[in-house]
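All remarks here apply to the structure that follows.
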Amino acid sequence: MTFREAQTCSNALLIRPVNFGPNTQTAETNRFQRGSTEALPSSLQISARGEFDALVSALEQAGVQVHVFEDTPEPHTPDSIFPNNWVSFHADGSVVLYPMLAPNRRDERRSDVLEALSVRDGFRVSRVVDLTHHERDNKFLEGTGSLVLDRVNRLAYACVSPRTDLDVLGEFAQVLDYDVVTFEALDASGTPIYHTNVVLSVGSRLAIVCGASIREHERAGVLDTLKGTGHIVIDASMEQMQAFACNVLELKSARGNSVLAMSQRALESFTPDQQRLLRDHIDTIVAVPIPTIEHLGGGSVRCMIAEVGLPKKEVMK
């Protein structure tokens, strides 16, 4: 029997970086990364940590419950700031662990984080769905980077790429009871886009998608599915997608108000009409400048947040 699930949640998991920097193991498949920099590693870390803390503060001020964990110095995990790629949390108590392409990203998976969410923060974990065995066969599915979930309608949107394998996607869909909507997407140079969540965001009422990036013969099907589930669609341009306009995440405050989290760069890329549409359907927009993280990490605010949709444990009276 399908478990009813809300589209948004009020709890967010973030990992504060220790050794943030460009990851050479992901650069080939992530064209949003802008290569190396002449800045010293210590300067990068200071900048990234400052951007991270500003996002945490803004989310908390908007009423989101933020669960921050510190990265560990060893092993070196330069992309630990993007936890949504290794784990997702679901309202039936499921925790899903995902296979990742870059070997140094696999070290980001931490059992102590899952234990703390249960013991310290009181979330109930009923099962762990471990898909990481697919790494032995070089098949990957990188969490809610590869998957954009319409939790209410049980739809998993997936842009097929070297990081999003159909076999793993099929196992996820079967175990979690989702139908899948697959497509291919290309950037302006014709290169496959590495993650679905830079092309598409699905919220409670709004969906933001870069239709121009989706292959023409698949584009109408994706847009029709979004509209058919009652979403108002903002069609972002290729330039807006490159500015991470689709890499946004709708959360909610503890009081139930909608909160849309994005980078300042993403917000500024929207046209005035698009910004009005956002504000018509969202109670609070959280927009924080994160140029170091976007430039070197190749991901934006959505990638930094793993929404915690787990149920709370019952309190014994």
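The values are calculated or read from the model by the stated rules, or taken from the named source; none is laboratory data. Only a predicted model underlies this, so the values are computations on that prediction, with no experimental measurement involved. Backbone-built Cβ (ideal geometry, glycine too); neighbour counts: all protein chains shown.
Overview of results
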read-out	value
In the stretch 84-126, residue nearest to Val198 (Cα to Cα) [restricted to those that are without any contact (Cβ under 8 Å) to a residue 40 or more places away in the chain and hydrophobic (A, V, I, L, M, F, W, C)]	Leu97
Pick from the stretch 153-182, criterion touching a residue at least 40 places away in the same chain (Cβ under 8 Å) and within 23 Å of Asp224 (Cα to Cα), ranking: farthest from the chain's Cα centre (by Cα)	Asp177
Hits in the stretch 88-114 (condition: of a type in the set (Asp, Glu) and closer than 14 Å to Val68 by Cα)	Asp112
Qualifying residue in the stretch 229-239 (condition: within 17 Å of the chain's Cα centre (by Cα), of a type outside the set (Val, Ile, Thr), under 23 Å from Glu307 (Cα atoms) and surrounded by 15 or more Cβ atoms within 10 Å (Cβ to Cβ))	no
The stretch 183-201 residues that are within 13 Å of Arg215 (Cα to Cα) and modelled with pLDDT of 95 or more, paired with ones that are part of a loop (DSSP other than H, G, I, E, B) and not polar (S, T, N, Q) (beta carbon under 6 Å, 6 or more apart)	Glu184/Val160; Glu184/Arg215; Ala185/Ile193; Ala185/Val199; Val199/Ile193; Val199/Cys210; Val199/Cys246
Output for the stretch 56-105, where each listed residue is hydroxyl-bearing (Ser, Thr, Tyr), surrounded by 19 or more Cβ atoms within 10 Å (Cβ to Cβ) and either at pLDDT 95 or above or within 17 Å of Asp130 (Cα to Cα) (or both)	Ser88, Tyr98
